[in-house]
Amino acid sequence: MNVTDMLWTLLKVFIVVNVLMIHVAYVVYFERKVIGHMQARLGPMRVGWHGLLQPIADGIKLFFKEDIIPSQSDRPIFYIAPIIGLVAVLSSLAVIPLWEGFSIANLNIGILYILALSSVGAYSIILAGWASNSKYSFLGGLRSSAQVISYEIAMGLSLVGVMMLAGSANLTDIVKAQSEGWFLWYQPVACLIFVMSAMAETNRAPFDLPEAESELVAGYFTEYSSMRFGLFFMAEYAGMFIMSALGTICFLGGWSGPDFGIFAHVPKVVWLLLKIYGCIFFYFWIRATLPRYRYDQLMALGWKVFIPLALANIVVTGVIKLWK
Amino acid sequence: MNDFDNGRIATTDLTLNLGPQHPATHGVLRLVLDLDGETIVKCTPYVGYLHRGVEKLAEHRNFLQILPLTDRLDYISSMANNIGYCVAVEKLFGIEVPERTQFIRTLTAEMTRISNHLLWLATHALDIGAMTVFLYCFREREKILDLFEKLCGARLTVSYPRIGGLKNDVEPQWLDELYRFTDEFPMRVEQYETLIDKNRIWLKRTKGIGVISAEDAINWGMSGPVLRGSGVPYDVRKTMPYGAYDKVKWEVPTGKNGDIYDRYRVRMDEFRQSNSIIRQCIDKLPEGPIMADAPKFTLPAKDRVLSDMEHLIHHFVLITKGPQTAPEGEVYSATEVPKGELGFYFVSDGTGKPYRMRIRSPSFVHVSALPKLCEGELVADVIANIGSIDIVLGECDR
């Protein structure tokens, strides 16, 4: 790799990460608006037209708040935990193909890479829970480690079906393999398991146990303040974005869109973003509707329902593939 | 302590201090939980963070002045406390309250029950994670508070009843507005039910959790929806009717299993019963005076004070010194407030001030039963249990 290529890649990284961060900021706004309207209220309205500048105001506020570090905390780990979380999520972005031929790194093991990084993200939660030296954070961290381990397996297994159909773990190839029809129709069970596991993986309702506010105050980030809290917050929403992108690519045909008339002229990335936002909207919808699972029920659901179901799905997919 | 004991790593329980500042303890309840993993080994409630000495304060005020203190017991259903207090004092004084007042009191007490249960449902659902129910309930609760505001000027601490009557009469437009609310409200209750009642997560979180048998519930002294959830059809409004409860048709909803779900169902049914009681009260509301004819204890009407010597004297004495002719004796009177049986026990020595006022508050009893409900269950269930027994610490600590 020569210097020009390297600079070009760096530029791509810079642009993509920044664009994602803006999206993340506005996903928060989007959530507050969507849930607000679902709950018979308006959501942010004060900062800018219909509250459009709210994410910026929040960002500035978080940035200038006092950074409180508990005196009994394990400082190096306390510092590093939120950074691990955000870095793991942002690194996943590298393999997401935004349109045909555009991804920062066209890895042949794209899916595995994303799964690996989402496991790394769990470290940030566990470490934050441990380093805070607070019982609430600790319980949040414990819950999270158990949850992520259980649902990682289910999610990985659900994507095996997709990889079998596409014959590749490369995300670009997976999108291309869906030119005849979305994998949603061929792998409905896998899609269902993936959606649920993705919610558990990103700690979103109804699986938001690590940060269950009514039980554990704020769970693993109870002791965090200022921008360190902001990093966790960004990691959560960026994680949601990545999971939605992965779901879109694996089940909803990625960047593909209608190919006739005026639609043919629309840039492909628009379709991808539309689908991603559709998925994110689904996340919000679930959050506004469902109560929270209890810890043991969540584990039972993961181990007794999702994992066997995902395994059965792989067997069925394999058998059908052999018969064809 | 040795880290290793017989080759195994020795473990101890984790002591978790839940509250008094915690988003789910509904005020300033403090629980000390001994945890084995996430299982509760021992749960110890500590109360008293909101103690204001209401009972002692009452000893230094005359009977007319105590009323606003009762607002602050269970501050989200202040009307019911006021009525409970007035009923007790009227029993002590032997005052006969006019029919119209009885109906209006019943009606406002049931409005309080609806608004209390709305707040309960909102926070209980929020504790279990169903966020939207919270805001839907507040939408309806707002309407009831608006009605209270139109009725007496206050939304939360109403102090609307008076000993022997009411502060002011209701207006026909107000009744119309209330009637419109009762038209719409059952549909809203159905909305809440569709959101959570058939939701599998909700059922999993509430069925079979926090079970208390009918016998235990009685032995712990529980009352209200918590007792009725265990299947005991005890309701002060039925067993010892006051107000107009014996003049309207209604039923006492009960549960069977005594778990969180049954307590939830009982309160949901009470929504409908209260709604129907309000409608019947409006339909049957008789005409007549709203203050009892007891000039030694009740404030006379303003126009008579300005035109008549005796009433002026009564007014002056009542305002400056309180009811001087309060009879000596002891009296206990209970009413059914939204949370259970609220009892007032007075010892009167004839000075116009109670020698002793004792409040039997349902929340205090229910908090004391919390360990019974929680032990052996999970941290998440503690939160659900606190929600399901519907406590307010203002009343518990007094």
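The values are calculated or read from the model by the stated rules, or taken from the named source; none is laboratory data. No experiment lies behind these values; they were computed from the predicted model shown. Methodologically, a virtual Cβ is constructed for each residue, glycine included, from the backbone with ideal geometry; neighbour enumeration extends over all protein chains shown. Keep in mind that these areas ignore ligands, DNA and RNA; they rest on the heavy atoms of the full protein, side chains included. Shrake-Rupley method; radii C 1.70, N 1.55, O 1.52, S 1.80 Å.
Worth a mention:
- Those lysines that a straight Cα-Cα span of less than 17 Å connects to A:Lys275, excepting residues fewer than 8 apart in one chain: A:Lys176
- Surface listing: B:Met291, A:Met6 arranged by accessible area from highest to lowest gives A:Met6, B:Met291, probe 1.4 Å.
- Partnerless Cys - chain B, beta-carbon criterion under 4.7 Å: B:Cys86, B:Cys137, B:Cys152, B:Cys281, B:Cys396
- 20 Å reach of a label modelled at B:Glu184, 7 Å along Cα-to-Cβ, counting backbone N of segment A:30-45: A:37-43
- For the protein assembly as shown, the Cβ-based charge dipole about the Cα centre amounts to some 620 debye (Lys, Arg positive; Asp, Glu negative; other atoms uncharged).
- Charge-dipole axis of the protein assembly as shown as Lys and Arg at +1 and Asp and Glu at -1 on Cβ define it, positive-most pick from B:Gln21, B:Val41, B:Gly229: B:Gln21
- Two-site FRET efficiency, B:Lys207 against A:Ala105, from Cβ-Cβ distance with R₀ of 45 Å, rounded to 0.05: 0.35
- Between segment B:64-123 and segment A:47-74, the alpha-carbon centres lie 45 Å apart.
- The A:Trp285 and A:Leu311 beta-carbon pair, evaluated with R₀ = 30 Å, returns a calculated FRET efficiency of approximately 0.55.
- Here the Karplus relation 6.51 cos²θ - 1.76 cosθ + 1.60, evaluated at θ = phi - 60°, turns the backbone of segment B:221-232 into coupling constants of x, 6, 8, x, x, 5, 5, 5, x, 8, x, 9 Hz, with x for every Gly and Pro.
- Loop-resident sites, segment A:12-83, for trypsin sites (Lys or Arg not before Pro), counting at most 10 other Cβ within 10 Å (DSSP): A:Arg46
- Nearest-0.05 FRET efficiency for A:Ser71 and B:Thr44, computed from C-beta distance (R0 25 Å): 0.35
- Relative contact order %, chain B, counting alpha carbon pairs below 8 Å whose residues are six or more apart: 25
- Helix axis angle, B:99-128 relative to chain B longest principal axis, alpha carbon, degrees: 20
- Ranked by the mean number of other Cβ atoms within 10 Å of their residues, highest first, the peptides B:123-129, A:86-92, A:270-276 fall in the order B:123-129, A:86-92, A:270-276.
- Using a probe of 1.4 Å, the accessible surface attributed to A:Val3 totals some 110 Å² when neighbouring protein chains are kept in position.
- Helix axis angle, B:379-389 relative to chain B longest principal axis, alpha carbon, degrees: 20
- Set of lysines with alpha-carbon distance to B:Lys249 below 16 Å, sequence-local pairs under 8 removed: B:Lys238, B:Lys284
- Each residue, B:Tyr355 and B:Asn168, gets one label point 7 Å from its Cα in the Cβ direction; the gap between the two is 4.0 nm.
- Crossing angle, helix B:78-93 versus chain B [Cα axis fit, 0-90 degrees, rounded to tens]: 50
- Loop chymotrypsin sites (Phe, Trp or Tyr not before Pro), segment A:65-143, which have at most 16 other Cβ atoms in a 10 Å radius of their Cβ (DSSP): none
- Rolled with a 1.4 Å probe across the full set of protein chains, the surface gives B:Leu175 an accessible area near 20 Å².
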